[in-house]
Amino acid sequence: MTPARRSRSARVKPASFGNWILAETRSPIPPRRYIQGMLLRIALPCLILSAILPAPGAMPAFAFRPISPPGIQFYRETLLPADIDHDGDMDFYSGGGRGNPTWWFENAGDHWIRRIVSDSNVADVGAALLDVDGDGWVDKVSASFWYRNPGFPKPGTESHSLADPAKEKPFAACRYGDIDYVHDIYTADMDGDGHPDILTIDYDGIRWFKVERDSVCRPWVEHKINGRTLDPQQHGGIAAGDLDGDGDMDVARLDRWFENRDGIGTVWLEHKNIDFGAYWSEGWGLSGRALIRDVDGDGTQDLIETECDIPNGRVAWFANIGGKGLAWQRHIIKDSTDGQDFHSLAWADFDGDGDSDLFSSGGPNSAGTPRAWIWENLDGKGGAWSEHIVNIGKREHEATAVDMDGDGDIDILVKTWGDGEQYYLENELVPNNGTGVSIRRTRERNSSGAEKGSRHSDGRRSGSGWKKRFHLGGKESNADGRRTSSVR
């Protein structure tokens, strides 16, 4: 008997290889050919990426990405990057200071929108990020005030009035102290209670304030670390960290550090044993930028410092010999020959090799042509550095390291002194189609601000001559995406 023919719609048993089903098809793919095809699919993208990405440890190029053009506003304050509106991308606070308004800049994907925080701000330079009242929305602290993020601060979001959805939601200004025109403000847990406090420096000394974690506008308790000094007078440059290894928070300025004797920030012992800091007779006193980090990887906290507000500053780090803060070995990274006012300092892994590198740049008082540098940490222990210029000709002030475009590498957010230009230097370690446009991670939230779910989309624009729009109260101006001569 002739066997019945199988219909065209009938299916064959899936071909298998071990426990893997290779195909459910009329003609099973031979396992060997299938595996070869899969290996090619895996290998080809890897080969393409290896051609695009820098070699591991190589310093990537940095591209100039404009945010706000020069000539609109003098932005005096430190830039504070954060997701201010909880939409999944990086915004930032920026302010004019000395009686001028303070704003936050909304990252709208392919453009930036400036929104008001306060019509008047008495800050000098210093500002800090802190969720003061613990509501999950990051607030701003500058001078004697903290500015309460109202939650859903941009127009059109769910907590705005239905009668006027376009109206910007105000930030309440609460006075907590009497330190108008303070130069530097940082956050650190000064009393060891697990919550950040406010640390400041100005002409009148170094002090910290115990933050009251609620939304009530009231004074915070002030603790003085040192008073006004004339040996020399201090202006700016402090850092907080455990310099003597006893588990509490100490404080350093350029030429000395203060030991937290009782562990709760009420008794302090001065150690004037750091050989750094240059005093300029035409300036404002001893000033610089400072960080406390473990540079050499020995488990103890070292110091990184720059000299600023002078025409010919230096950059150095200090090894904490013995780990108790009693002896310091100075390592000069950049000397004074280039005539730079090093008014920025950042410690981050810019080249993706697993150790941190150092960034600083020339500010408004630079005697030479201002430049921005990254010093690549070649041995991961601060023993050898390779110098890379990433920008030229901009008098950068209070720049900070942060992933601005959400692509996973570290960019540099910058403002210039005097002319009001703001931009970021996009790290091209991870390619972003050459656009510099944020890869937005949008999040649905309920009325309390909690995430309901997430979805991913990007706002990338095609072409190399893209323009980024900047909105000021509904007005729009253009800034091109040019690259400076110092970036590739």
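The values are calculated or read from the model by the stated rules, or taken from the named source; none is laboratory data. Here the structure is a predicted model, which is why all the values come from computation and not from measurement. Positions of Cβ are backbone-derived with ideal geometry, glycine not excepted, and every protein chain shown enters the neighbour counts. Surface accessibility is based on the protein's heavy atoms, side chains included, excluding ligands, DNA and RNA. Shrake-Rupley method; radii C 1.70, N 1.55, O 1.52, S 1.80 Å.
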Inset, instruction - Please sort by residue number the trypsin sites (Lys or Arg not before Pro) in the stretch 266-321 whose DSSP state is loop and whose Cβ has at most 15 other Cβ atoms within 10 Å. - result: LYS272
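Which percent of the accessible heavy-atom area of the stretch 308-372 goes to carbon and sulfur, probe 1.4 angstrom?
On the way: 860 of 2070 Å².
The computed percentage sits at 42.
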Legend entry - Net charge contributed by nearby residues that have their C-beta within less than 9 Å of LYS381 (K/R +1, D/E -1): -4
Legend entry - Radius of gyration and maximum dimension Dmax of the stretch 118-262, Cα, Å: 17.2, 60
Inset, instruction - Tell me which residues come under 5 Å, amide H to amide H, from LEU345 once H is placed; ignore anything under 5 positions away on its chain. - result: ALA399
Legend entry - Average Cα contact separation per residue, the stretch 202-325, under 8 Å, 6 or more apart, as relative contact order %: 19 percent
Legend entry - Under 5 Å, built H, 5+ apart or other chain: amide partners of ALA172: ARG148
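So if the hydrodynamic radius of the stretch 219-298 is defined as the Kirkwood radius over C-alpha pairs, what does Stokes-Einstein give as its diffusion coefficient at 25 °C and 0.890 mPa s, in µm² per second? All intermediate terms of the calculation are to be shown ahead of the outcome.
Details: Rh = 13.8 Å.
Result for D is 178 µm²/s.
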Inset, instruction - Could you pull out every residue, at least 5 positions away or on a different chain, whose amide H is within less than 5 Å of the one on ALA82? Hs are placed 1.01 Å off N in the peptide plane, and Pro or chain starts have none. - result: ASP91, PHE92, TYR93
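Give me the mean projected area, in nm² to one decimal, of the convex hull enclosing the Cα positions of the stretch 359-417.
Values: hull surface 19.2 nm².
Reported value for the Cα convex hull: 4.8 nm².
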Legend entry - Accessible surface, per residue, of the stretch 102-141 when the full set of protein chains is kept, probe 1.4 Å, Å²: 22 Å²
